[in-house]
1. At q = 0.26 Å⁻¹, work out log10 I(q)/I(0) for the range 49-120 with the Debye formula, treating every Cα as an identical point scatterer and leaving solvent out; two decimals please.
2. Can you give me the Rg/Rh ratio for the range 1-59, using Cα atoms for both radii and the Kirkwood formula for Rh?
3. Students often forget the sequence filter, so: which lysines lie under 27 Å Cα-Cα from K84 once same-chain residues fewer than 8 apart are removed?
4. Once Rh for the chain is found with the Kirkwood sum over Cα pairs, what is the Stokes-Einstein diffusion coefficient at 10 °C and 1.306 mPa s, in µm²/s?
5. Please list, by residue number, every one of the trypsin sites (Lys or Arg not before Pro) in the range 73-120 that is coil in DSSP and has at most 16 other beta-carbon atoms within 10 Å.
6. Whole number in Å², please: accessible area per residue of the chain, 1.4 Å probe, ligands, DNA and RNA not counted.
7. Would you work out what percent of the accessible area of the range 77-120, with all protein chains in place, is carbon or sulfur (probe 1.4 Å)?
8. So for each of 56-65, 93-102, 1-10 I average, over its residues, the number of other beta carbons within 10 Å; can you give me the resulting order with the highest mean first?
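The values are calculated or read from the model by the stated rules, or taken from the named source; none is laboratory data. Please read all numbers here as calculations on a predicted model, not as lab measurements. In this analysis, Cβ positions are derived from the backbone assuming ideal geometry, glycine residues included, and neighbour counts consider all displayed protein chains. The accessibility values were calculated without ligands, DNA or RNA, using every heavy atom of the protein model including side chains. Shrake-Rupley method; radii C 1.70, N 1.55, O 1.52, S 1.80 Å.
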Amino acid sequence: QVQLIESGGGLVQAGDSLTLACAASGFTISNYAMGWFRQAPGKEREFVAAITLSGGFTTYADSVKGRFTISGDNAKNTINLQMKSLNPEDTDIYYCNADQLYMGRKYTYWGEGTQEAVSS
């Protein structure tokens, strides 16, 4: 069964660093486009970063470019998000995403999310 489990969230101070992890099971991450999204209460979920391990492609939202780094660990079948220079605007629930286009149809999976809070 396909499953995505996020971990690593917590409370930090402005300027601190933190790394989130997304452990995948039921599929191989190299066969999917993997990504991170975030969402605050009452707001829409927004894109943060994505990676395609098979193609070596990464992309980032402008708000996190230069501060966040997405990477993959094939041995652990896990995607990480290294976050630096955190600020209160980064306070959100972070969700792991897996996406694949197969035979002309899109397949998308989501984790349950992990809470990140940054104090000023």
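1. Each listed q corresponds, in turn, to -1.39.
2. Numbers: Rg = 13.6 Å, Rh = 13.5 Å.
Computed over Cα atoms, the ratio is 1.01.
3. The reachable lysines, counting only those whose Cα sits under 27 Å from K84, are K43, K65, K76.
4. Roughly 110 µm²/s, to the nearest whole number.
5. Working: sites: K76, K84, R105, K106; in loops: K76, K84.
Those that pass, being in a loop and sparsely packed, are K76, K84.
6. Values: 6740 Å² over 120 residues.
With all protein chains present, the chain gives 56 Å² per residue.
7. On the way: 1170 of 2450 Å².
In the range 77-120, the share of accessible area belonging to carbon and sulfur is 48 percent.
8. Numbers: 56-65: 12.8, 93-102: 17.6, 1-10: 14.8.
Highest to lowest by the protection proxy: 93-102, 1-10, 56-65.
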